[in-house]
Structure formats: structure tokens, C-alpha cells
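Chemist: I have a structure I would like to understand better, so I am pasting it below and will then ask my questions one at a time.
The values are calculated or read from the model by the stated rules, or taken from the named source; none is laboratory data. In this text the structure is predicted, and so the values were computed from the model without any measurement. All Cβ positions, glycine included, derive from the backbone under ideal geometry; neighbour counts span all protein chains shown. SASA here: full protein model, heavy atoms, side chains in, ligands and nucleic acids out. Shrake-Rupley method; radii C 1.70, N 1.55, O 1.52, S 1.80 Å.
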Amino acid sequence: MPGSKPHPTLTTDRLILRPLTIADAAPMRALLNDVDIARMVSRIPHPYGLDDAHAYLAHLQSADPSCERVFAVQSDKDGLMGVVGLDPRDDGAVELGYWLGKPFWGRGYMTEAACAVLQWASGAWGRRFLVSRHFADNPASGRVLTKAGFLYTGEVRRSCSLARREPVSSRMMVWLA
Ligand SMILES: CC(C)(COP(=O)(O)OP(=O)(O)OC[C@H]1O[C@@H](n2cnc3c(N)ncnc32)[C@H](O)[C@@H]1OP(=O)(O)O)[C@@H](O)C(=O)NCCC(=O)NCCS
């Protein structure tokens, strides 16, 4: 059963992917209170306060581990750098999502993190099929997803963006183990 497995810590060449804890609230808030991140994701408000971080981290404590797993992305040198997670969607599919603090963009970190999470998801977590999406004006995320093995379905949906306060065109993708 996927849900019965403990939340693992994964390591890559440069990164440690570990469970988030309440101690991540302050560094998370410091990185995430950035409109350039918030406007590219669905459910991160802007401005992003410490209360928002605490509410999210509290939610994770009670999340169903059979369909929701979220990892802090960190390095020994930089501490918390971002988050990569797998969340349940309304239709039952599990969706990959992520963000990285701006100081760490453009060095291949999120591709490295996403690939490690996908490898774990298809192995110990037993997933054969995952979905993702990116806003049409976010080609960097499209590159991360294609480098990690996701394929475009061709479908474009309107998705919410809390930070933009309006629906945004999203390009839908799938990944098969
Ligand atoms: C998207 C995000 C996670 C990328 O993280 P990252 O560690 O910089 O990503 P990587 O370095 O692994 O890969 C980025 C790729 O996008 C490419 N890229 C960057 N900006 C681009 C642009 N404007 N147009 C096209 N490609 C772009 C890079 O060249 C790289 O591809 P390459 O390896 O083929 O050269 C990071 O920018 C981020 O957190 N953005 C805000 C939140 C977000 O968008 N989350 C995803 C929501 S779907």
C-alpha cells in the first residue's frame, strides 16, 4: 500500500529531498513571498505571510500519505531552497507541482529534484501514472516537465491563480512510469 510507507528522504548529487516540518515556515515564507513565484502557481497567495506557511505545513501533517507527498528541496550549503510535491486532484489523478526560490533558478535544481521524486513515486510509492500542468506563459516549467519525462496531452485548460486573481491557460501533461 503506497500510504503505509513512511515519508522517505531522497538524495541526489546536489540535493536532499526531505519531509517538510513546522521549522520550515520562516525560510519558506522568505522565499515564497515573491510574486514571480506566486503568479506561476495555482494556490499560493501573494503576499505570502508566515500564517500562510504555517497553515500549509499544518495541512501536510494531516494529509493522506497514499495520495499526497511533499518534499522540501534543500542543500547542505543553502538550507531550504524550494518544494516539490505530489497532490491529489479532484478527478483522482495525482499531480506533480513545485517551486524553487529565485536565487536558485537556472541551475538544473528542479529537474534534478523532480526526477528523483518521480523515480521514488514509480518505485516505492507504486505510481504508474501522474499528471502535471504549467501556465502557458511559463516555458521554464514546461522544460522541467519535459526533461523529467512528461508529455503534453494537447489539452489546454483554464486554471485558477490565486496571485493573479484570474484564470490562466494551462498546458496539461502526463507521465507514465
Ligand atoms: C520553474 C522552476 C521550478 C524552474 O526551476 P529551475 O531549477 O530553474 O529549472 P531547471 O534549471 O531544472 O530547468 C529550467 C529549464 O527552463 C529553461 N528556461 C528558463 N527560462 C526559460 C524561458 N523563459 N523560456 C524557455 N525556457 C526557459 C532553462 O533553460 C532550462 O532548460 P534547459 O536545461 O533545457 O536549458 C522555477 O523557475 C520556479 O520555481 N518558478 C516559479 C514557480 C513555478 O513556475 N512553478 C511551477 C509551476 S507549473
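Chemist: Any idea how many residues of the stretch 41-53 are more than 13 Å from the chain's Cα centre (by Cα) and open to solvent by less than 70 Å² (accessible area, probe 1.4 Å)?
Modeler: From the stretch 41-53, those more than 13 Å from the chain's Cα centre (by Cα) are 45-53; that's our starting set.
Filter again for open to solvent by less than 70 Å² (accessible area, probe 1.4 Å), leaving 45-46, 48-49, 52-53.
Counting residues in the stretch 41-53 that are more than 13 Å from the chain's Cα centre (by Cα) and open to solvent by less than 70 Å² (accessible area, probe 1.4 Å) gives 6.
Chemist: Shifting gears a bit: Please tell me if residue 75 is within 15 Å of the ligand (Cβ to nearest atom), at pLDDT 95 or above and of a type outside the set (A, V, I, L, M, F, W, C).
Modeler: On the way: within 15 Å of the ligand (Cβ to nearest atom): yes; at pLDDT 95 or above: yes; of a type outside the set (A, V, I, L, M, F, W, C): yes.
So residue 75 passes the test.
Chemist: Being open to solvent by 20 Å² or more (accessible area, probe 1.4 Å) and under 16 Å from the mean Cα position of the chain (by Cα) is the filter here, so list the residues in the stretch 145-157 that pass it. So that I can check it myself, show each step before the final result.
Modeler: Filtering the stretch 145-157 down to residues open to solvent by 20 Å² or more (accessible area, probe 1.4 Å) leaves 146-147, 149, 151-157.
Selection gives 146, 147, 149.
Chemist: Where the second residue is among the hydrophobic types (A, V, I, L, M, F, W, C) and more than 6 Å from the ligand (Cβ to nearest atom) and the first is farther than 13 Å from residue 74 by Cα and free of Cβ contacts under 8 Å to residues at least 40 places away in the same chain and lies in the stretch 96-113, which pairs have Cβ atoms under 7 Å and are six or more apart or on separate chains?
Modeler: Every condition considered, the pairs that remain are 111/148.
Chemist: Does the stretch 149-161 contain any residue that is in contact with a Cys (Cβ under 6 Å, 6 or more places away or on another chain), at pLDDT 95 or above and closer than 19 Å to residue 83 by Cβ? Walk me through it before giving the result.
Modeler: To start, the set of residues in the stretch 149-161 that are in contact with a Cys (Cβ under 6 Å, 6 or more places away or on another chain) comprises none.
Looking for residues that are in contact with a Cys (Cβ under 6 Å, 6 or more places away or on another chain), at pLDDT 95 or above and closer than 19 Å to residue 83 by Cβ, one finds none in the stretch 149-161, hence no.
Chemist: Any chance you could count how many residues in the stretch 158-173 are surrounded by 15 or more Cβ atoms within 10 Å (Cβ to Cβ) and either assigned to a strand (DSSP E or B) or among the charged types (D, E, K, R) (or both)?
Modeler: Total satisfying the criteria: 8.
Chemist: Follow-up. Quick one: count up the residues across the stretch 1-47 that are within 25 Å of residue 108 (Cβ to Cβ) and of a type in the set (Ser, Thr, Tyr).
Modeler: Number of matching residues: 4.
Chemist: To continue, here is another question. Restricted to the stretch 115-155, and to residues that are part of a helix (DSSP H, G or I) and within 8 Å of the ligand (Cβ to nearest atom), which residue is farthest from residue 7 (Cα to Cα)? Reasoning before the result, please.
Modeler: At the first step, the residues of the stretch 115-155 found to be part of a helix (DSSP H, G or I) are 115-122, 139-147.
If we keep only those that are within 8 Å of the ligand (Cβ to nearest atom) as well, we get 139-145, 147.
Values: 139: 31, 140: 28, 141: 25, 142: 27, 143: 27, 144: 24, 145: 23, 147: 25 Å.
Looking at residues that are part of a helix (DSSP H, G or I) and within 8 Å of the ligand (Cβ to nearest atom), I get 139.
Chemist: Out of all the residues in the stretch 90-106, is one or more open to solvent by less than 30 Å² (accessible area, probe 1.4 Å) and part of a loop (DSSP other than H, G, I, E, B)?
Modeler: Within the stretch 90-106, one or more residues are open to solvent by less than 30 Å² (accessible area, probe 1.4 Å) and part of a loop (DSSP other than H, G, I, E, B).
Chemist: Within the set of pairs 6+ apart or on separate chains, which have a first residue in the stretch 150-163 that is touching a residue at least 60 places away in the same chain (Cβ under 8 Å), a second that is among the aliphatic types (A, V, I, L, M) and in a strand (DSSP E or B), and C-beta atoms under 7 Å apart?
Modeler: Partner pairs satisfying both residue conditions: 159/168; 161/168.
Residue-by-condition table, conditions (1) closer than 25 Å to residue 142 by Cα; (2) surrounded by fewer than 15 Cβ atoms within 10 Å (Cβ to Cβ):
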| residue | (1), (2) |
| --- | --- |
| 12 | yes, no |
| 27 | no, no |
| 33 | yes, no |
| 39 | yes, no |
| 55 | no, yes |
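Chemist: All but one of (1) under 16 Å from the mean Cα position of the chain (by Cα); (2) surrounded by fewer than 17 Cβ atoms within 10 Å (Cβ to Cβ) hold for residue 121; which doesn't?
Modeler: (2)
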